[in-house]
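Below: one structure, written as structure tokens.
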Amino acid sequence: MEKIKVAVVGYGTIGKRVADAVRLQDDMELVGVTAHSYNYKMLAANEKGIPLYKTAEPGNLGTLKTQGSFEDLLKQVDIVVDCTPRLQGAENKKKFYKPNKIKAIFQGGEKQDSAEISFNAQTNYKEAVGKDYIRVVSCNTTGLCRTLGAIKKKYGIEAVHATMIRRGADPWDIRHGPINAIVPHLELPSHHGADVQSVMPDVNIFTTAMSVSSTLMHVHSITVDCKETPNAEEVAKLFEKTTRIRMVDNESQVRSTAEVMEFAKDLGRGRSDMPEIIVWKEGIGVTGKKLLYIQAVHQESDVICENIDAIRAAMGVEDAKASIEKTNKSLDIDTCYGCAGGVCEIPE
């Protein structure tokens, strides 16, 4: 079988990680990435030997060597992963992807109607198979879908109330910081609940959000009204065996987002990423049919594996389990933890 030829358009926080992940797949080939202007990210891509192509409207590229135009790149690929800034992907679809009949994966910053389906690999992979335009939902929505999907399957869900405690900016982002404030999202519900429903339409969810003076991760405080009575220990075991979720606890001294990211460094992860959703064992509680838990989301990396699976789904690979396992192995996810080396739960 020929490798899937992939272009990454937009080489920022998500784009550069998607590009590296594509290069790790034995069934994909990274044809190139787009370069808009001269900066350290493009210099690093050049040094890695990643082919650079000019954007449709390039800025100052300095001494960067490019392989051709945006149109030249599009002529060589089967699919584009669009990681451009919010709403730019929809414009690219209208101007370039649709006229050239090229499939595309978009990110959570795009509106739901920019794609045929909003995607989470563990929730609706099969529905995305063969689609031309797929939207990988945001980092926060991805985190909610992973844990709520497991709970829904085990106990059923009557309603969800969740508060997103969001990082103020990414670690590199000096334009949005430094800050010294807690900023409530003054629109209720926040957009996160509607985004979850774009993947899990039958889940009744209400979300709120606030931003805090941190760059490391988002934290979610979640309350689920279950149809069946949950048990805290049973829920911990459920999360332990669910793929792309990592349980931590007080005993291991991972008690904060800072320690989670230090843990990722010690694991030797690329860019010190933590693509799994972190759930604290001691943060799981039950009262009646209410389940309460706290989770953390590494906003820079949790959607990367989703993008890789979305590529396969769009290109007609029907086996969700095989795709997730292949992606996990390439990105060193689910390697002998939690389930003590057993088989993590992956959708058929």
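Derivation of every value follows stated rules applied to the coordinates shown; laboratory data play no part. Here the structure is a predicted model, which is why all the values come from computation and not from measurement. Every residue, glycine among them, receives a Cβ derived from its backbone with ideal geometry; neighbour counts consider all protein chains shown.
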**Extension gain from Lys75 to Glu29, taking 0.36 nm per residue of separation minus the Cα-Cα distance** = 15.1 nm
**Message:** Just to be sure I understand the rule: take each whole DSSP H helix in the chain, project its Cα atoms onto its long axis, keep it if the span is 20 Å or more and its mean Kyte-Doolittle hydropathy is at least -1.0. Which ones pass?
**Reply:** 139-155
**Prompt:** What order, most packed first, do the peptides 55-64, 274-283, 2-11 have when packing is the mean number of other Cβ atoms within 10 Å of each residue?
**Reply:** 274-283, 2-11, 55-64
**Prompt:** Say we join alpha carbon atoms closer than 10 Å with springs in a Gaussian network model of the chain; which of Ser213, Ser252, Ser114 then has the biggest fluctuation?
**Reply:** Ser252
**Message:** How large is the convex hull of the C-alpha atoms of region 60-192 per residue, in Å³?
**Reply:** 168 Å³
**Complete:** Amide H neighbours of Met247 at under 5 Å, excluding residues fewer than 5 places away on the same chain, with H built from the backbone geometry, are Val279
**Message:** Counting only other residues whose beta carbon sits under 15 Å from that of Ala181, what net charge do I get with K and R as +1, D and E as -1?
**Reply:** +2
**Complete:** 1/(1 + (r/R0)^6) with r = Cβ-Cβ of Lys153 and Ala181, R0 = 45 Å, i.e. FRET efficiency to nearest 0.05, evaluates to 0.70
**Message:** Please report the antiparallel percentage of DSSP beta bridges with both residues in the chain, rounded to the nearest 5.
**Reply:** 40 percent
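List the relative contact order of region 139-297 as a percent without decimals, with contacts defined as Cα pairs under 8 Å and 6+ residues apart. Don't skip to the answer; put the middle values down first.
Details: 296 pairs, mean separation 44.4, N = 159.
This gives 28 percent for region 139-297.
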**Message:** Can you match percent of Cα pairs over 39 Å apart to one of these, (1) 12; (2) 28; (3) 20, based on a calculation from the structure here?
**Reply:** (1)
**Item:** Entries of Lys126/Lys265; Lys3/Lys329; Lys94/Lys326 with Cα pairs more than 23 Å apart
**Value:** Lys126/Lys265; Lys94/Lys326
**Spin-label pair Asp266/Ala232, simplified geometry with 7 Å Cα→Cβ offset, distance in nm** = 2.5 nm
**Request:** Could you give me the radius of gyration and the Dmax of region 139-297, taking only the C-alpha atoms into account and expressing both in angstrom?
**Result:** 15.6, 47
**Request:** Considering only Arg135, Arg166, Arg23, give the residue with the highest GNM mean-square fluctuation for the chain, with springs between Cα atoms whenever their separation is below 10 Å.
**Result:** Arg23
